[in-house]
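Q: Have a look at the structure that comes next, please.
The values are calculated or read from the model by the stated rules, or taken from the named source; none is laboratory data. Keep in mind it's a predicted model, so treat the numbers as computed, not measured. Cβ coordinates were reconstructed from backbone atoms using ideal geometry, including for glycine residues, and neighbour counts include every protein chain displayed.
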Amino acid sequence: MQQAKKYVWPLLILAVFEAVAVTLWLTKHNLFYLFNFSYIGLSVSLGIFLFIRKYRHARRVVQLLVGLYMLVYLGLICRENMQIEGFWYYLFTGVFEAATIHYAVAKIFGPLLFGRGWCGYACWTAMVLDFLPYKVPAQPRKKLGWIRYVTFAASLVFVGALFVSGTGRIERIMFWAFIIGNAAYYAIGIALAFRFKDNRAFCKYVCPVTVFLKPMSYFSLLRVTCDKEKCVSCGKCRKVCPMDVDMTDNSRQRENGTECILCMECVKNCPRGAL
Ligand code: SF4
Ligand code: SF4
Ligand code: SF4
């Protein structure tokens, strides 16, 4: 019975994704949503299942399954711009489709439930950055978080300017914006990782999506907490955190609390099972 109980989480997550899949399929009369959210739900559930089975690369499996699906299938084959520019584009056209649904589920309302799980398990930018050698930052965090507001504003101004210009080739431009934008993200992300000896430097300083993710994940239901009775203050958890979070502090204001990507490295490395 105890054994079976362990698998409640993957089943619960699968049920949540299936509920979204069926609701969107029936309300939007589009079978794509059933396939899309079922696939993502199955991938995430598989990852949690593998994590429970203590498979070392469980998170990487989900990152590759979801990240490649979104980048290659949705982005390159279906030509959907799933980046922030695509979100602004659909928002301005008043259509609740593709990127607007993706943002609502993964990056705006979803984080109230699962924090920045997107950043740990699904983002196709981080999927590549996490292959780089600096899994744990080798330098202290820089005060460069303001850059995210510049990139956020730039994405908004770019799409706003396209609409104001009245160009008839906007769909084509959005597709190329997806290609060029992704290439730029990878180039900047890799350069910053080597410059700051930190795989996640792009996430910490540049990514415009964090303007949505950070405030919403502050209220996240799912978060790493510390059992103070068990903790012996050995500091091992903080040493392995890629995002410089103080996970031993249970308050919502904890240091870099809205940066947690739920990678579970701290949990795996705690010798006392306190997290
Ligand atoms: S911060 Fe941005 S680039 Fe990094 S994982 Fe999250 S969404 Fe992806
Ligand atoms: S190591 Fe722990 S606190 Fe740090 S990002 Fe991963 S789950 Fe969050
Ligand atoms: S690794 Fe565990 S025991 Fe050590 S400080 Fe972190 S929570 Fe406490």
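Q: Considering every residue within segment 157-167, establish whether at least one is within 26 Å of residue 40 (Cα to Cα) and of a type outside the set (Asp, Glu).
A: no
Q: Residues 223, 200: which one is of a type in the set (D, E, K, R), within 16 Å of ligand 3 (Cβ to nearest atom) and within 18 Å of the chain's Cα centre (by Cα)?
A: Sole residue among the options that is of a type in the set (D, E, K, R), within 16 Å of ligand 3 (Cβ to nearest atom) and within 18 Å of the chain's Cα centre (by Cα): 223.
Q: Can you find even one residue in segment 81-89 that is over 22 Å from residue 170 (Cβ atoms), in the same structural domain as residue 178 (by TED's automatic domain parsing), crowded, with 21+ Cβ neighbours inside 10 Å and within 13 Å of the chain's Cα centre (by Cα)?
A: No.
Q: Residue 140 versus (1) within 14 Å of ligand 1 (Cβ to nearest atom); (2) assigned to a loop (DSSP other than H, G, I, E, B): which is the lone unmet condition?
A: (1)
Q: Provide a single number: the residues in segment 235-275 that are hydrophobic (A, V, I, L, M, F, W, C), part of a loop (DSSP other than H, G, I, E, B) and away from ligand 1 (no atom under 16 Å from the Cβ).
A: Summing the residues that are hydrophobic (A, V, I, L, M, F, W, C), part of a loop (DSSP other than H, G, I, E, B) and away from ligand 1 (no atom under 16 Å from the Cβ) in segment 235-275 gives 4.
Q: While we're on this one: Applying the selection to segment 80-131, what residues are free of Cβ contacts under 8 Å to residues at least 40 places away in the same chain and either in a helix (DSSP H, G or I) or within 16 Å of residue 207 (Cα to Cα) (or both)?
A: 87, 90, 91, 93, 98, 99, 100, 102, 104, 106
Q: Which members of segment 197-210 meet the condition of being under 16 Å from residue 256 (Cβ atoms) and either of a type in the set (Lys, Arg) or more than 9 Å from ligand 1 (Cβ to nearest atom) (or both)?
A: 198, 199, 200, 201, 204, 205
Residues are listed down the side, and each one gets a yes or a no for (1) more than 15 Å from ligand 3 (Cβ to nearest atom); (2) over 21 Å from residue 135 (Cα atoms); (3) not assigned by TED's automatic domain parsing to the domain that holds residue 184:
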{"site": "235", "(1), (2), (3)": "no, no, yes"}
{"site": "241", "(1), (2), (3)": "no, no, yes"}
{"site": "253", "(1), (2), (3)": "yes, yes, yes"}
{"site": "259", "(1), (2), (3)": "yes, no, yes"}
{"site": "267", "(1), (2), (3)": "no, no, yes"}
{"site": "270", "(1), (2), (3)": "no, no, yes"}
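Residue-by-condition table, conditions (1) hydroxyl-bearing (Ser, Thr, Tyr); (2) modelled with pLDDT under 90; (3) under 23 Å from residue 128 (Cβ atoms):
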{"position": "3", "(1), (2), (3)": "no, yes, no"}
{"position": "6", "(1), (2), (3)": "no, yes, no"}
{"position": "18", "(1), (2), (3)": "no, no, no"}
{"position": "23", "(1), (2), (3)": "yes, no, no"}
{"position": "28", "(1), (2), (3)": "no, yes, no"}
{"position": "47", "(1), (2), (3)": "no, no, yes"}
{"position": "56", "(1), (2), (3)": "no, yes, yes"}
{"position": "70", "(1), (2), (3)": "no, no, yes"}
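Q: Are there helices (runs of 4 or more DSSP H) fully within segment 165-225 with at least 1 residues that are surrounded by fewer than 17 Cβ atoms within 10 Å (Cβ to Cβ)? List them.
A: Of the helices (runs of 4 or more DSSP H) lying wholly inside segment 165-225, those with at least 1 residues that are surrounded by fewer than 17 Cβ atoms within 10 Å (Cβ to Cβ) span 170-196, 210-217.
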